[in-house]
Structure formats: C-alpha cells, structure tokens
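Single-structure report; data block below.
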Amino acid sequence: MNIKAYWIAFNRVSGIGPVRLAALIEECGDIEAAWRASIQQMQAARLDRRTIELFLDARRTIDPATELQRVINAGVEAVTWDDAAYPESLRTIDGAPPVIYVRGRILSQDEWAIAVVGTRHASSYGREVARVLGSELAQAGVTVISGLALGIDTVAHRAALEAGGRTIAVLGSGVDQIYPPQNRGLAQAIVQQGALVSDYALGTRPDASNFPPRNRIISGLSRGVIIVEAGERSGALITARFAAEQGRDLFAVPGSILSPGSAGCNALIQQGATPLLSVDDVLEQLNMSRIVDHTAVRQSVPPDPAEAALLQHLSHEPLHVDELVRLTNMTTGQVSSLLALMELKGMVRQLGVMSYVRT
C-alpha cells in the first residue's frame with residue numbers, strides 16, 4: 001500500500017496531533033508501523049488511556065487505502081512530513097501539521113510569501129490598503145497568503161490574482177468545503193494561480209473552533225505577516241500572535257485612533273510591530289526587494305552542501321562570522337564567501353557588521 005495512506009488515516013484519528021504522532025513514529029520506526037502499533041508501543045509513546053481507546057476504535061473503522069483513494073478522486077494532493085514538497089517554512093514551526101491537503105500547486109517560488117490578513121468587516125480604507133498591498137506584493141514576485149475570509153482576506157487574494165501573481169488560501173475546513181460560500185468562484189481562481197491549503201481532512205465542515213489553529217499555518221507559510229485592519233478582538237490578532245511565536249516579522253497598518261477597526265493594529269504597533277506605510281517597508285526589511293535577482297542566482301549557481309551546514313546554525317537572531325567559523329570548523333574565507341553567495345540567493349541577510357540571519 002502507498003505509505004501516504006497511513007498519514008491520511010492518522011489525520012482522521014481524534015486525539016493524535018503532531019506531538020503524539022511524532023512520538024508514535026519515533027517509538028515504532030515509521031508511519032506504517034505506527035498505524036499498526038501495539039498497546040505496549042502506544043503506552044511507550046506516552047499515549048493516555050483515552051487516546052489509546054480512540055486510536056483502537058479508529059483502526060476498526062478507518063481504512064487507509066480508502067482514505068487515500070478519496071483524496072486522489074478529489075484531485076487533491078496530500079503532502080506529508082516525509083515529502084520533499086512539504087514547505088520548509090512550515091516544517092520549522094511548533095505544531096507543524098503532519099499532513100496538508102493542497103488543491104492547486106505549491107511551487108518553490110512560494111517560499112517568497114507574505115501573509116495579508118485582517119477583519120471581515122473592512123472599511124473602505126482597509127479595503128484599499130489590502131488591494132494596494134496584494135497587487136504590489138504580487139508584482140514584486142511575492143506570493144500572497146491569506147485565509148479566504150470576507151473582508152481584507154478576499155481583497156488581498158483578488159488583488160494578487162488581478163496583478164497576475166500567486167496567492168495561497170489557508171482554510172479552516174477541508175479543501176473540498178469552501179467557506180464562505182460567496183468565495184467559491186474566488187477559490188477556483190486561486191486553484192489556477194496558487195493553491196488552497198488545509199490541514200483538515202476532506203469533508204471537514206467549517207467550524208468556529210477550526211479557524212484559530214489554522215492561523216498558525218498562514219503565518220508559518222509566510223516570511224512576514226501584515227495586519228491591515230483589525231479590531232481589538234479580531235481573529236487576525238491570533239495570526240499576529242502566531243507570527244511573533246514563530247519568529248516572523250510582524251507589520252501593522254496604522255489607522256485612525258478614532259476607528260474601532262484600527263484599534264488592534266494600533267495596539268500591535270504600540271507593542272513593537274513595524275508600522276507599515278508602503279509595500280517597500282516589507283520588501284526591504286525582509287530582503288525581498290530583489291526576488292527576481294535572487295531566483296536567477298539560485299538557478300545559475302547549484303546548491304552547495306556547505307550552505308546547508310551554515311543554515312543549520314543560522315536563525316532569526318544575528319550570528320557573527322567568527323561564531324559560524326567556530327561552529328562549522330570552516331575557515332573565515334570559506335564562511336565569508338559562502339555567506340556572500342547565500343545573500344545573493346536571498347537565503348541570508350546581513351545585520352550589523354559581519355553578523356547574519358537566516359531569511
């Protein structure tokens with residue numbers, strides 16, 4: 001049987017999320033063995049009694065082969081932790097989903113992605129800002145990530161599409177259950193110029209409890225998050241919190257202090273988010289103003305295993321060249337030349353004198 005069937009089957013088991021599944025795989029060796037785990041192995045993986053009961057019941061009712069065929073018949077791709085196609089930016093976050101379902105295509109160029117999110121009850125000001133940002137980001141070669149909700153999300157998606165760019169919508173339902181229904185046409189257009197993505201199994205209906213967790217994927221797929229317009233209790237602020245936890249750059253569009261719809265954004269700025277006055281603020285801060293150049297260099301210069309060795313030690317915290325020399329046992333000349341090339345590829349950027357961060 002195709003090994004992917006077991007990943008999809010696990011995704012339908014209540015009570016087994018990323019942490020417990022990782023523990024099961026570590027105990028059993030691989031995903032198929034984890035599906036066939038004995039009670040002793042489940043206990044060794046620290047599954048509690050209730051979870052074990054749910055898992056045993058699920059194995060009696062869920063047929064992995066049937067689940068896989070259902071996904072194939074729907075024209076959907078299931079991308080798992082084991083797949084090279086799994087987005088690297090998402091792989092690094094806490095609680096990375098073991099499986100994401102994709103309608104459309106996620107491309108390598110989608111690593112240059114920015115999330116644009118905000119309130120469903122957008123003002124004319126918020127809509128115009130979202131339109132300008134979605135359009136100008138797309139024109140710069142940036143993939144626009146959002147949540148397909150009414151309001152700011154819808155405007156950002158449409159603007160990216162109209163500019164001929166790529167956009168990805170992360171759903172709080174199965175990718176075969178479009179919500180809101182008013183955006184079914186928009187969803188179909190996104191499939192042609194990007195992708196619909198969800199970690200919820202096919203057939204999962206939209207539920208209020210599904211949307212906050214999906215926001216970790218919106219920020220996880222992105223290099224930075226822009227909050228366009230948000231009230232004090234807007235769901236977009238959940239995405240902002242995930243962005244901060246994941247080390248993503250957070251931008252907020254300032255608004256009138258008299259507008260309740262801008263209260264959330266203004267508070268984020270007060271708390272340290274970067275106030276966004278133009279799309280250049282994002283492109284320059286995230287070293288994304290030369291995406292076309294970065295892509296050309298990557299295509300012309302083959303990857304070097306030594307680059308991967310350096311990347312293992314780099315994060316969002318600046319690290320000096322001398323420290324990288326010590327950690328990698330390379331010479332200063334080797335490290336410096338690698339970093340120069342990696343900066344041209346858009347893989348790292350320099351912060352301060354001879355200090356670098358991973359982009």
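The values are calculated or read from the model by the stated rules, or taken from the named source; none is laboratory data. Remember, predicted model here, so these are calculated numbers, not experimental data. Cβ placement follows ideal geometry from the backbone for every residue including glycine, while neighbour counts extend to all protein chains displayed.
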**OP:** Being acidic (Asp, Glu) and outside any strand (DSSP E or B) is the filter; apply it to the range 217-249 and report the residue that is surrounded by the fewest Cβ atoms within 10 Å (Cβ to Cβ).
**Re:** Glu232
Subject >> Thr239, sole failed condition from (1) under 19 Å from Thr167 (Cβ atoms); (2) among the hydroxyl-bearing types (Ser, Thr, Tyr); (3) more than 16 Å from the chain's Cα centre (by Cα); (4) at pLDDT 90 or above >> reply: (3)
Original post:
All but one of (1) buried (at least 16 other Cβ atoms within 10 Å of the Cβ); (2) more than 21 Å from Leu221 (Cβ to Cβ) hold for Asp57; which doesn't?
Top reply: (1)
Original post:
Quick one: which of Trp81, Trp112 is surrounded by 15 or more Cβ atoms within 10 Å (Cβ to Cβ) and in contact with a Pro (Cβ under 6 Å, 6 or more places away or on another chain)?
Top reply: Trp81
**OP:** Working only within the range 84-109, note down all residues that are touching a Pro at 6+ places or on another chain (Cβ under 9 Å) and either outside any loop (DSSP other than H, G, I, E, B) or charged (D, E, K, R) (or both).
**Re:** Leu90, Asp94, Ile100
**OP:** Go through the residues of the range 176-184 one by one and say whether even a single one is in the same structural domain as Ala113 (by TED's automatic domain parsing) and either under 18 Å from the mean Cα position of the chain (by Cα) or modelled with pLDDT under 95 (or both).
**Re:** no
**OP:** Answer yes or no as to whether Arg131 is part of a helix (DSSP H, G or I), in contact with a Gly (Cβ under 8 Å, 6 or more places away or on another chain), assigned by TED's automatic domain parsing to the domain that holds Val225 and basic (Lys, Arg).
**Re:** no
**OP:** Please give the number of the condition Glu229 fails out of (1) of a type in the set (D, E, K, R); (2) more than 17 Å from Thr119 (Cα to Cα); (3) at pLDDT 95 or above.
**Re:** (2)
Original post:
Restricting attention to the range 250-270, which residues are outside any helix (DSSP H, G or I) and at pLDDT below 95?
Top reply: Gly255, Ser256, Ile257, Leu258, Ser259
Original post:
What is the one condition in (1) surrounded by fewer than 23 Cβ atoms within 10 Å (Cβ to Cβ); (2) without any contact (Cβ under 8 Å) to a residue 40 or more places away in the chain that His157 does not satisfy?
Top reply: (1)
**OP:** Please find, among Gly104, Gly126, Gly134, the residue that is at positive phi, surrounded by 18 or more Cβ atoms within 10 Å (Cβ to Cβ) and over 15 Å from the mean Cα position of the chain (by Cα).
**Re:** Gly104
Subject >> Any helices (runs of 4 or more DSSP H) falling wholly within the range 1-80 and containing at least 2 residues that are touching a residue at least 40 places away in the same chain (Cβ under 8 Å) >> reply: 4-10, 18-28, 49-61, 64-73
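Residues Ala140, Ala160, Ala189, Ala208: which one is out of contact with any Pro (no Cβ under 6 Å at 6 or more places or on another chain), farther than 28 Å from Gly17 by Cα and modelled with pLDDT under 95? First the steps, then the outcome.
Details: Ala160 fails: modelled with pLDDT under 95; Ala189 fails: modelled with pLDDT under 95; Ala208 fails: farther than 28 Å from Gly17 by Cα.
Just one listed residue meets the conditions, Ala140.
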